[in-house]
Amino acid sequence: MPANQLAVVTGASTGIGLELARCCAQAGFNLVIAADEPEIERVAVDLRRLGSSVEPVQADLATTEGVDKLCAAVGDRPIDALLANAGVGLGKAFLDQDFARIKHLVDTNITGTLYLIHRAGNAMLRRNSGRILITGSIAGFTPGSFQAVYNASKAFLDSFSFALREELRDSGVTVTCLMPGATETEFFRRADMMDTKVGTEPKDSAYDVAKAGFDAMLRGESDIVTGMKNKIQTTIANVTPNEMLAKQHRKMAEPGTAKS
Ligand SMILES: NC(=O)c1ccc[n+]([C@@H]2O[C@H](COP(=O)([O-])OP(=O)(O)OC[C@H]3O[C@@H](n4cnc5c(N)ncnc54)[C@H](OP(=O)(O)O)[C@@H]3O)[C@@H](O)[C@H]2O)c1
């Protein structure tokens, strides 16, 4: 069904976004893929081998100009699927974090994501057709001590996704929230979390996570928590006091919790 439709995937150079882009290409979508670094060009060359057209866009999606650059690359073409996945993490205690990195996280995970969805979503609504997949996280269920701003950003996206879905209920536009647990990607290294338990323990496969999210998006489902362990974790989190959740989070995210 998606043959020759257009999918836009952000954060497609590595990790979950790369695998989401692969799922799109395997299903026959043509692609516009975006990331901040030049690596996105090489990824486009690889993905083209799957037979789809793939256009790379190097843009800093933490900025209005970066999102505008991505939208300009898409031009007047209808976006059939928007996979808003680009995001960054940030470990360590809040007061020890560099504020420029805190701001960059909020600008990337929240502001840039909202601006892109606002632009693409309006175009979809005018056509009364489209699919939006937002990469939230099960981190959004837990106040994340030693990852406080990141978890809060994902709580924002998880919440936003359900709300937007409801607003678009009577339209032809669906909104799906992909909520992975810890996944094997560049994420924890980039977030300076390789001295933590969560950063160093075994994780889910990025392809399995992406495939579950992609399939849920095609089915127009509201959300997908990947993996049984994560499903149990979120069910428990829903009935556990926030104070206790924050205490538990410390055990896996505090610097020095990595097993030596
Ligand atoms: N890994 C996990 O355990 C996990 C769990 C739940 C949710 N998630 C979410 O999954 C999403 C993907 O993360 P990942 O785990 O796949 O990490 P990753 O391997 O570090 O990938 C992040 C992607 O986002 C891009 N990106 C980051 N900042 C950007 C910016 N300002 N502008 C444009 N592109 C930007 C990166 O491109 P550049 O390299 O070019 O910057 C890269 O392609 C994130 O939203 C993350 O919060 C991850």
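The values are calculated or read from the model by the stated rules, or taken from the named source; none is laboratory data. Everything numeric here is computed off the predicted structure, so don't read it as measured data. All Cβ positions, glycine included, derive from the backbone under ideal geometry; neighbour counts span all protein chains shown. These accessible areas exclude ligands, DNA and RNA; they are computed on the full protein's heavy atoms, side chains included. Shrake-Rupley method; radii C 1.70, N 1.55, O 1.52, S 1.80 Å.
S53: out of contact with any helix residue (DSSP H, G or I) (no Cβ under 7 Å at 6 or more places or on another chain) and farther than 21 Å from T174 by Cα, yes or no? Give the steps one after another, and end with the answer.
Numbers: out of contact with any helix residue (DSSP H, G or I) (no Cβ under 7 Å at 6 or more places or on another chain): yes; farther than 21 Å from T174 by Cα: yes.
Criteria met by S53.
Any idea how many residues of the stretch 1-41 are in a loop (DSSP other than H, G, I, E, B) and more than 15 Å from the chain's Cα centre (by Cα)?
Step one: list which residues in the stretch 1-41 are in a loop (DSSP other than H, G, I, E, B), which gives 1-5, 11-14, 27-29, 36-38.
Now drop any that are not more than 15 Å from the chain's Cα centre (by Cα), which leaves 1-5, 27-29, 37-38.
Residues that pass the stated criteria total 10.
Going through the stretch 76-86 one residue at a time, which ones are open to solvent by less than 40 Å² (accessible area, probe 1.4 Å) and either closer than 22 Å to E186 by Cα or not charged (D, E, K, R) (or both)?
Let us first name the residues in the stretch 76-86 that are open to solvent by less than 40 Å² (accessible area, probe 1.4 Å), namely 79-86.
If the condition is that a residue be open to solvent by less than 40 Å² (accessible area, probe 1.4 Å) and either closer than 22 Å to E186 by Cα or not charged (D, E, K, R) (or both), then I79, A81, L82, L83, A84, N85, A86 are the ones that fit.
L61 - would you say it is away from the ligand (no atom under 13 Å from the Cβ), crowded, with 24+ Cβ neighbours inside 10 Å, outside any helix (DSSP H, G or I) and in contact (Cβ under 8 Å) with a residue 12 or more places away in the chain?
On the way: away from the ligand (no atom under 13 Å from the Cβ): no; crowded, with 24+ Cβ neighbours inside 10 Å: yes; outside any helix (DSSP H, G or I): yes; in contact (Cβ under 8 Å) with a residue 12 or more places away in the chain: yes.
Taking the combined requirement at face value, the residue does not satisfy it.
Among the helices (runs of 4 or more DSSP H) lying completely within the stretch 131-223, list those that include at least 3 residues that are within 11 Å of the ligand (Cβ to nearest atom) and either open to solvent by 50 Å² or more (accessible area, probe 1.4 Å) or modelled with pLDDT of 95 or more (or both). Outline the logic, then answer.
Numbers: elements: 148-167, 187-190, 197-200, 206-219.
Ranges flagged: 148-167, 187-190, 206-219.
Going by the structure shown, is G256 assigned to a loop (DSSP other than H, G, I, E, B) and either of a type in the set (D, E, K, R) or free of Cβ contacts under 8 Å to residues at least 60 places away in the same chain (or both)? Spell out how you get there, then give the answer.
Working: assigned to a loop (DSSP other than H, G, I, E, B): yes; either of a type in the set (D, E, K, R) or free of Cβ contacts under 8 Å to residues at least 60 places away in the same chain (or both): no.
No.
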